[in-house]
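Engineer: Take a look at the following structure, please.
The values are calculated or read from the model by the stated rules, or taken from the named source; none is laboratory data. Please read these numbers as outputs of a predicted model, since none were measured by experiment. Quick reminder, even Gly has a Cβ in these numbers, built from the backbone with ideal geometry, and neighbours come from all protein chains shown.
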Amino acid sequence: MIALEDLLKRLKELDRRELTRWVENRWVLPERRDETWIFHEVDVARIELILEIRHEFAIDEEALPLVLGLLDQVYDLRRQLRRMCDALAAQPPEVQAIIREALPPLVGAEATQD
Amino acid sequence: MATTQTPYQVLGVKPDASADEIRKVYRKLAKEFHPDLNPGKPEAEARFKSISAAYDLLSDAEKRARYDRGEIDESGAERPQRNYYRGYAEGAEGRRYQPEGEMNLSDLEDLFAAFGSAGRGRRGQGSEGFRARGADRHFTLTVDFLTAAIGGKQRLSLAPEEWLDVTIPPGIEDGQVLRLRGKGGPGFGGGAAGDALIEVHVEAHPLFRRDGDNILLELPISLAEAVLGARVSVPTVTGPVTMSIPKGSDTGRQLRLRGKGIQKKKNPGDEIVTLKVFIGDSSDPELAEFLEKWGPRHPFDPRQGMPSA
């Protein structure tokens, strides 16, 4: 965890007003503590990602919610998929075999199968 | 996390301060906060350390330049490698950014619903549904010696706010695993729940030891009790009992208290009491005087039967 002031020191390219706007837009969700913000590691990583999207990929703040919204959906799906995979991996081999057989092949997958 | 100051802030100089300026400020602060000059102030040492560390970094032109470029942090350590968002996003922390009102799939039914499946597994429709037994869950439970000897119930924490009163059968042994059917993970598609497998650890006892179903106890007795016999109170796993010590009992003599061992319903074990004679106050002049007369008239060598070394 890192306090707002330390974060601004650490990420030199990060502008205070810019970050404040991101938090107000709920693109970044720091923890509020004693009138200031505490950023968890996940928040810092997200800020670094947004910085790159904004400045290096030149995506403006109009389009940013679209990009972030899609990213969040992808990661949510991946979290759910991971839960599912963990649950499947914990099953006895017989059960895994049943599921493997029940999985329909993806269209066009045959071509890439060896 | 404590607020970390930049080395410039520690010394209270501007980021464009000259080397001379930094050296001057450092000397002033170092004198003020040197631990040996502030014996009663523990905080001075911490302050001195940070001042020294800051000066160490800023007085070295190369290090200072690297710090200014952001290549090293205020402790002089290389900046940690960047942690990418994806490393967090898929883990539990990532849930913070879960889209609002989107999938909150807390159980399988939600998952089926989200993708338009019928959730047929749970309804178990003919051959299409499949069922699976729930996963076993593993726990460890520490049981005190007496509970293991006489049996009882012990509370096991399965999860926060989830408790199970485990019946401990008398005579359970260290390392034994209890299987509680149906207390594991829930089954799938109508399958049976898994089991809870509880590995039991039995704590040691200050007095009792265990030998199979018997309890071993070493009982100190006095010289008078050993020679003349006595009735004494003896601790057992079910509480103290009175036991007769026969006249002329030696150290090492074993007396058996039937049924006072491991409290198995069929054939409970015994408690085996091994006597140990203690002289007590060995400087007792009366006893010494008596033995000086008595000894020579009753020659006895307890080491007679010992094989020579």
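Engineer: Considering only region B:155-181, how many residues are at positive phi and at pLDDT 85 or above?
Structural biologist: From region B:155-181, those at positive phi are B:161, B:171, B:175; that's our starting set.
Adding the requirement that they be at pLDDT 85 or above leaves B:171, B:175.
Going through region B:155-181 one residue at a time, the tally reaches 2.
Engineer: Are there helices (runs of 4 or more DSSP H) fully within region B:37-117 with at least 2 residues that are within 42 Å of the chain's Cα centre (by Cα) and either at pLDDT 75 or above or within 14 Å of chain A (Cβ to nearest Cβ) (or both)? List them.
Structural biologist: Hits in region B:37-117: B:42-58, B:86-89, B:108-114.
Engineer: Can you find a residue that is in contact (Cβ under 8 Å) with a residue 12 or more places away in the chain and within 25 Å of B:Gly269 (Cα to Cα) anywhere in region B:178-195?
Structural biologist: Taking every residue of region B:178-195 in turn, at least one turns out to be in contact (Cβ under 8 Å) with a residue 12 or more places away in the chain and within 25 Å of B:Gly269 (Cα to Cα).
Engineer: Failed condition for A:Pro30, given (1) more than 17 Å from B:Arg96 (Cβ to Cβ); (2) more than 9 Å from every other protein chain (Cβ to nearest Cβ), with all others met?
Structural biologist: (1)
Engineer: To continue, here is another question. If you take just the strands (runs of 3 or more DSSP E) that sit entirely in region B:218-309, which of them hold at least 1 residues that are touching a His at 6+ places or on another chain (Cβ under 6 Å), farther than 17 Å from B:Leu207 by Cα and in contact (Cβ under 8 Å) with a residue 24 or more places away in the chain?
Structural biologist: none
Engineer: Right, another one. Within the set of pairs 6+ apart or on separate chains, which have a first residue in region B:149-167 that is within 29 Å of B:Gly239 (Cβ to Cβ) and of a type in the set (Lys, Arg), a second that is surrounded by 10 or more Cβ atoms within 10 Å (Cβ to Cβ) and modelled with pLDDT under 85, and C-beta atoms under 7 Å apart?
Structural biologist: Within 7 Å, the pairs are B:Arg155/B:Trp163.
Engineer: So which residues in region A:5-27 are within 10 Å of another protein chain (Cβ to nearest Cβ) and assigned to a helix (DSSP H, G or I)? Before you say what the answer is, go through the steps one by one.
Structural biologist: Within region A:5-27, the first condition is being within 10 Å of another protein chain (Cβ to nearest Cβ), and the residues that meet it are A:5-6, A:9-13, A:26-27.
If the condition is that a residue be within 10 Å of another protein chain (Cβ to nearest Cβ) and assigned to a helix (DSSP H, G or I), then A:Glu5, A:Asp6, A:Lys9, A:Arg10 are the ones that fit.
Engineer: Can you tell me how many residues in region A:35-78 are under 21 Å from A:Ala3 (Cβ atoms) and either aliphatic (A, V, I, L, M) or more than 12 Å from chain B (Cβ to nearest Cβ) (or both)?
Structural biologist: 10
Engineer: Of the conditions (1) surrounded by fewer than 17 Cβ atoms within 10 Å (Cβ to Cβ); (2) within 12 Å of another protein chain (Cβ to nearest Cβ), A:Ile2 satisfies every one except a single condition; which number is it?
Structural biologist: (1)
Engineer: May I pose another question? If we scan region A:79-91, do we find a residue that is assigned to a loop (DSSP other than H, G, I, E, B), at the interface with chain B (Cβ under 9 Å from one of its Cβ atoms), surrounded by fewer than 16 Cβ atoms within 10 Å (Cβ to Cβ) and of a type outside the set (Phe, Trp, Tyr)?
Structural biologist: Looking for residues that are assigned to a loop (DSSP other than H, G, I, E, B), at the interface with chain B (Cβ under 9 Å from one of its Cβ atoms), surrounded by fewer than 16 Cβ atoms within 10 Å (Cβ to Cβ) and of a type outside the set (Phe, Trp, Tyr), one finds at least one in region A:79-91, hence yes.
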